[in-house]
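Below you'll find the structure, written out as structure tokens, and then a few comments.
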Amino acid sequence: MSLASYIGTNVQIPLSVEDSDDLVVIGDCFSIKYNRQDVKKYQFNTPYIYEVSSHWGIEISEDINERICNESKKKLIELCKIMDMYLEKGDFFELYSCWIGEEADKREGDLTLELNNFDINLVRLPEKTLVRFVKS
């Protein structure tokens with residue numbers, strides 16, 4: 001199984017170049033159309049849904065090894081930089097990570113953070129947690 005991370009937005013954003021080596025890739029990786037439909041229906045409040053990846057989803061918790069946790073922190077910081085370019089003040093994007101096939105499962109947590117004003121070392125993002133990043 002694969003851990004997938006999805007973002008939901010109110011604005012369309014461009015997909016990454018195919019076969020990109022970027023830290024964060026926006027576009028299909030692990031998921032299929034039905035996975036994205038489920039995450040949109042059961043988790044997000046936004047019209048545009050994208051998978052974000054770089055060969056593994058974003059999870060920051062004490063339940064994963066330190067290397068993956070540190071990589072996830074870097075990915076999250078980079079994702080926020082990317083989204084900052086597309087969002088206006090007051091806009092937001094949502095982030096949700098889960099195992100492929102579990103997109104319709106009950107979410108285990110909710111969190112709201114300011115897009116450019118959070119301490120990455122204090123953030124915990126276990127799987128099945130919906131995070132709303134608001135641009136202030």
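Computed quantities for the displayed model
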{"item": "Answer from K73, K128 - the residue that is on the phi < 0 side of the Ramachandran plot and out of contact with any His (no Cβ under 8 Å at 6 or more places or on another chain)", "result": "K73"}
{"item": "Filter pass, K41 being modelled with pLDDT of 95 or more, loosely packed, with under 13 Cβ neighbours inside 10 Å and out of contact with any strand residue (DSSP E or B) (no Cβ under 9 Å at 6 or more places or on another chain)", "result": "yes"}
{"item": "Residues (assigned to a loop (DSSP other than H, G, I, E, B) and hydroxyl-bearing (S, T, Y)) located in region 7-60", "result": "S16, S20, S31, T46, S54"}
{"item": "Conditions (1) more than 12 Å from Y6 (Cα to Cα); (2) of a type outside the set (S, T, N, Q); (3) touching a residue at least 24 places away in the same chain (Cβ under 8 Å); (4) surrounded by 15 or more Cβ atoms within 10 Å (Cβ to Cβ): number failed by I49", "result": "(1)"}
{"item": "Scope region 52-99; condition closer than 15 Å to V11 by Cβ, out of contact with any helix residue (DSSP H, G or I) (no Cβ under 8 Å at 6 or more places or on another chain) and among the aromatic types (F, W, Y); matching residues", "result": "Y86, F92"}
{"item": "Output for region 65-76, where each listed residue is loosely packed, with under 14 Cβ neighbours inside 10 Å and either part of a helix (DSSP H, G or I) or of a type in the set (A, V, I, L, M, F, W, C) (or both)", "result": "E66, R67, N70"}
{"item": "Residue count for region 121-136, restricted to those that are out of contact with any Cys (no Cβ under 9 Å at 6 or more places or on another chain) and in a loop (DSSP other than H, G, I, E, B)", "result": "7"}
{"item": "Criterion violated by S97 - all others in (1) under 14 Å from the mean Cα position of the chain (by Cα); (2) within 24 Å of D22 (Cα to Cα); (3) surrounded by fewer than 19 Cβ atoms within 10 Å (Cβ to Cβ) satisfied", "result": "(3)"}
{"item": "Check on R107, more than 17 Å from G8 (Cα to Cα) and either basic (K, R) or under 13 Å from the mean Cα position of the chain (by Cα) (or both)", "result": "no"}
{"item": "Which numbered condition I49 fails, given (1) closer than 14 Å to V131 by Cβ; (2) in contact with a helix residue (DSSP H, G or I) (Cβ under 6 Å, 6 or more places away or on another chain)", "result": "(1)"}
{"item": "Matching residues, region 79-106, being among the charged types (D, E, K, R) and either farther than 20 Å from F30 by Cα or in a strand (DSSP E or B) (or both)", "result": "K81, D84, E88, K89, D91, E94, K106"}
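The values are calculated or read from the model by the stated rules, or taken from the named source; none is laboratory data. Model, not experiment: these values are computed from the prediction. Backbone-built Cβ (ideal geometry, glycine too); neighbour counts: all protein chains shown.
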